[in-house]
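A.B. asks: Got a structure for you, questions after.
The values are calculated or read from the model by the stated rules, or taken from the named source; none is laboratory data. Keep in mind it's a predicted model, so treat the numbers as computed, not measured. Neighbour counts run over all protein chains shown; Cβ positions are idealised from the backbone, glycine included.
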Amino acid sequence: MPRDSLAEVPDEALLVLYANGDPEAARLLTTRLLPRVLGYAGRLLADRTEAEDVAQEAMLRLWRQASEWRQGEAKVSTWVYRVVSNLCTDRLRARQRRRSDALDDVPEPADGAASAVAGMIEADRMAALDAALASLPDRQREAVVLRHIEGMSNPEIAEILQIGVEAVESLTARGKRALAAILSGQRAALGYEEAE
Amino acid sequence: MMDDLDDLFASAKRDAMQPSAALMARVLADATREQPKAALRVVPKPGFWAGLATLFGGGGVLAGVGSAAVAGLVLGFVQPVGFGSVTDLLAADTLGGVEFMPGIDALLAEE
């Protein structure tokens, strides 16, 4: 099917077209979803290589799911975001395990957030945000990124994280307060004047 | 600090990672490899009957011609009573002199 005629087609219908053998549907779905998926994974992991691996894996799972996709149950984008959330959680936990294993051999204990804060003078604003986000619990971090960076609504986030809307509101509020607390002492490093 | 945080979120939104051409190519390669094979459009080779139907101008025409042929054969072998009387009449000697295609000799003779 010609590309122009697919431009207005919803993601769910594109996935059905893909399952029916339309190669253009895959290209269009990739163009729509990959930047969002990579951006989300990149903000959660703060590592381009890992984020690309996660984004590719999430898209691969989508292609494999295509022939069994049940229309009306979930939005394609919601489903992919959920996969990315889970994959990122797994990677962050593995990263924490590796870090704690490595720290067993190091006499001086170090806290991730504290280390990042200590290095704030050299860090840019995004690195500071990434470090602060990394110090949040998994669910809070995901909710804050989805709400305030990905720009999703609370019901959408609730569907992605498979929790209630009220829980999302609570997570985003607590997450934002925690971020503010972490970053409040770093205003100068973040590019904000103390006199503001 | 909350305003600053919103400012930081806005910067993060603008600063989001963009997929490289290599990543895009890898994802599309996965898509091609994983595309359900059973659903791919396969054009079947036309068989004997399809070719014959095309020769006659379509399946409907072929069915009509076939039915007429079979009906002719059946009538020829079975020869129902009604048909027999008609053929007997046609074969009768009394009809030997009937001119189904009269000439113009009679008209010429009157002149």
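A.B. asks: Mind checking which residues of segment A:40-51 are surrounded by 23 or more Cβ atoms within 10 Å (Cβ to Cβ) and within 7 Å of chain B (Cβ to nearest Cβ)?
C.D. replies: If the condition is that a residue be surrounded by 23 or more Cβ atoms within 10 Å (Cβ to Cβ) and within 7 Å of chain B (Cβ to nearest Cβ), then A:G42, A:R43, A:A51 are the ones that fit.
Every residue, every condition in (1) in a helix (DSSP H, G or I); (2) over 16 Å from A:Y40 (Cα atoms); (3) at pLDDT below 85; (4) not assigned by TED's automatic domain parsing to the domain that holds A:D47, yes or no:
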{"position": "A:L92", "(1), (2), (3), (4)": "yes, no, no, no"}
{"position": "A:R99", "(1), (2), (3), (4)": "yes, yes, yes, no"}
{"position": "A:L171", "(1), (2), (3), (4)": "yes, yes, no, yes"}
{"position": "A:R174", "(1), (2), (3), (4)": "yes, yes, no, yes"}
{"position": "A:Y192", "(1), (2), (3), (4)": "no, yes, yes, yes"}
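A.B. asks: With the condition being touching a residue at least 40 places away in the same chain (Cβ under 8 Å) and within 27 Å of B:D15 (Cα to Cα), I'd like the helices (runs of 4 or more DSSP H) fully within segment A:1-76 carrying at least 3 qualifying residues.
C.D. replies: Correct list: A:23-45.
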